[in-house]
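Have a look at the structure below, then the notes.
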Amino acid sequence: MKPTQTDQASPLLANRERPPQPQRYQASKEELLDFYKQMLLIRRFEERAGQLYGLGFIGGFCHLYIGQEAVAVGLQSAMTVGKDSVITGYRDHGHMLAYGIDPKVIMAELTGREAGISRGKGGSMHMFSVEHGFYGGHGIVGAQVSLGTGLALKHKYSEDGGVNLAYFGDGAANQGQVYESFNMAKLWDLPVIYAIENNHYAMGTSVERSASEPDFYKRGESFQIPGIQVDGMDVLAVRGAAEVALEWTRSGKGPIILELKTYRYRGHSMSDPAKYRTREEVQSYRDNQDPIQRAEKELVGMGVAEEDLKGIDKEIKDIVVDAAKFAEEAPEPDAAELHTDVLVERY
């Protein structure tokens, strides 16, 4: 039996309001220089963290953010520290740096020192700062989505004008709790931006092999949550999408999904040899889509001298060297610290 016109599904976008298509952010030279410095700090910090892991200064797991810098910088540069909140998974160093947190206390946390931002208890995967509105680093895949939805409920309940940014990856996007969170967030029109960092391989399985719908920005449609796909290797494209998403959520229209198409150059963690992809593929991303190189070319076009860019790189390297030295020399926590921060108060 041939379906009639009324039997056929209506067009996807016809039945409700949608956010406008983002435009690439028109940054001034000073703004783009700031974004460049932030991305370069993340890159050099992560390279140093990889070295310290190899030397045994960092224990446990360590997931580097190299290649994905434009996502954190593009999104978080549009947010207000102390008003908005951020929560993410275990690949969290770059997100903390993008929120303006001191590299010394982040590196000290990686090495498990008392001077670390979580006093050495969180390590690479579980850093936290209430002061900055940064609520972790979470090791349970997808758990941060439900927690971020709760943070958005807090923003709405207290009427503080804040928005929660909840990061998760293409692997976590298939977790059931993600969709429970989507449903609640839309029912209550919570101010939350779900940022899906699609680096194509999750822990080591390609999106094409693991996702029946590989366009993750569409994942909220059945909950009436709009989605936007973004070039996550272009910091200005990401910042433009952040502007649209923040305007949508702050105006009371509820949650929105941003799918950031990005790429990690290293394995899932330091123990991953990444044999599931070719060297040629990784090199192609480095040569043609690297977010820092793209920003460099744009800055040169704005009149910034290449010598000045080299000077910035040296300045950033010095900051990272100082952070590593601080982290290596800082004392470890006292054994009594094992019994603190277990409960909020005594019972």
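The values are calculated or read from the model by the stated rules, or taken from the named source; none is laboratory data. What you see is a predicted model; the values in this text were computed from it and never measured. Glycine gets a Cβ as well: all are built from the backbone with ideal geometry, and neighbour counts include every protein chain shown. Remember, those area values only see protein heavy atoms, side chains included, never the ligands or the DNA or RNA. Shrake-Rupley method; radii C 1.70, N 1.55, O 1.52, S 1.80 Å.
Regarding ASP272, is this residue of a type outside the set (Ser, Thr, Tyr), open to solvent by 80 Å² or more (accessible area, probe 1.4 Å) and either modelled with pLDDT under 95 or touching a Ser or Thr at 6+ places or on another chain (Cβ under 7 Å) (or both)?
In short, no.
Going through the range 317-347 one residue at a time, which ones are in a helix (DSSP H, G or I), among the aliphatic types (A, V, I, L, M) and exposed (fewer than 11 other Cβ atoms within 10 Å of the Cβ)?
ALA335, ALA336, LEU338
Select, from ILE257, ILE292, the only residue that is in contact (Cβ under 8 Å) with a residue 60 or more places away in the chain and under 17 Å from GLY169 (Cβ atoms).
Within the list ILE257, ILE292, the selection yields ILE257.
Select from the range 120-138 the residues that are more than 19 Å from ALA202 (Cα to Cα) and either of a type in the set (S, T, N, Q) or not in a loop (DSSP other than H, G, I, E, B) (or both) and list them in ascending order.
Once the filter is applied, which keeps residues that are more than 19 Å from ALA202 (Cα to Cα) and either of a type in the set (S, T, N, Q) or not in a loop (DSSP other than H, G, I, E, B) (or both), the range 120-138 yields SER129, PHE134.
Which ranges mark the helices (runs of 4 or more DSSP H) fully within the range 53-119 that have 1 or more residues being over 20 Å from PHE326 (Cα atoms)?
Here the list reads 69-76, 93-98.
Give the range 258-311 a look and list any residue that's of a type in the set (Asp, Glu) and outside any loop (DSSP other than H, G, I, E, B), or say none.
Residues satisfying the conditions are GLU259, GLU280, GLU281, ASP287, GLU296, GLU298, GLU306, GLU307, ASP308.
Report, by residue number, each residue of the range 87-138 that is touching a strand residue (DSSP E or B) at 6+ places or on another chain (Cβ under 8 Å) and hydrophobic (A, V, I, L, M, F, W, C).
ILE87, MET96, ILE101, ILE117, MET127, PHE128, PHE134
Could you please let me know if GLY254 is open to solvent by less than 20 Å² (accessible area, probe 1.4 Å), in a helix (DSSP H, G or I) and in contact with a Lys or Arg (Cβ under 9 Å, 6 or more places away or on another chain)?
No; evaluated as a whole, the condition is false for this residue.
For GLY303, work out the one condition from (1) on the phi > 0 side of the Ramachandran plot; (2) buried (at least 18 other Cβ atoms within 10 Å of the Cβ) it doesn't fulfil.
Going through (1) on the phi > 0 side of the Ramachandran plot; (2) buried (at least 18 other Cβ atoms within 10 Å of the Cβ) one by one, GLY303 breaks only (2).
Being within 23 Å of TYR25 (Cα to Cα), hydrophobic (A, V, I, L, M, F, W, C), in contact with a Lys or Arg (Cβ under 6 Å, 6 or more places away or on another chain) and surrounded by 17 or more Cβ atoms within 10 Å (Cβ to Cβ) is true for just one of ALA237, ALA241. Which residue is that?
ALA237
Name the single residue that is farthest from VAL178 (Cα to Cα) among those in the range 73-106 being among the charged types (D, E, K, R) and open to solvent by less than 20 Å² (accessible area, probe 1.4 Å).
Taking the candidates together, the pick is ASP84.
Going by what's in this entry, would ASP308 be described as open to solvent by less than 100 Å² (accessible area, probe 1.4 Å), touching a residue at least 12 places away in the same chain (Cβ under 8 Å) and either touching a helix residue (DSSP H, G or I) at 6+ places or on another chain (Cβ under 9 Å) or of a type in the set (Val, Ile, Thr) (or both)?
Spelling it out, it is not the case that ASP308 is open to solvent by less than 100 Å² (accessible area, probe 1.4 Å), touching a residue at least 12 places away in the same chain (Cβ under 8 Å) and either touching a helix residue (DSSP H, G or I) at 6+ places or on another chain (Cβ under 9 Å) or of a type in the set (Val, Ile, Thr) (or both).
So which residues in the range 118-130 are surrounded by fewer than 24 Cβ atoms within 10 Å (Cβ to Cβ) and touching a residue at least 12 places away in the same chain (Cβ under 8 Å)?
Matches in the range 118-130: ARG119, GLY120, LYS121, GLY122, GLY123, MET125, HIS126, SER129.
If we scan the range 201-223, do we find a residue that is out of contact with any Gly (no Cβ under 7 Å at 6 or more places or on another chain), among the small types (Gly, Ala, Ser) and either free of Cβ contacts under 8 Å to residues at least 12 places away in the same chain or in a strand (DSSP E or B) (or both)?
Taking every residue of the range 201-223 in turn, at least one turns out to be out of contact with any Gly (no Cβ under 7 Å at 6 or more places or on another chain), among the small types (Gly, Ala, Ser) and either free of Cβ contacts under 8 Å to residues at least 12 places away in the same chain or in a strand (DSSP E or B) (or both).
Can you tell me how many residues within the range 139-193 are part of a loop (DSSP other than H, G, I, E, B), open to solvent by less than 10 Å² (accessible area, probe 1.4 Å) and of a type in the set (Gly, Ala, Ser)?
Here the count works out to 2.
Does ILE312 qualify as being modelled with pLDDT of 95 or more and either among the charged types (D, E, K, R) or under 22 Å from the mean Cα position of the chain (by Cα) (or both)?
Against the criterion (modelled with pLDDT of 95 or more and either among the charged types (D, E, K, R) or under 22 Å from the mean Cα position of the chain (by Cα) (or both)), ILE312 does not qualify.
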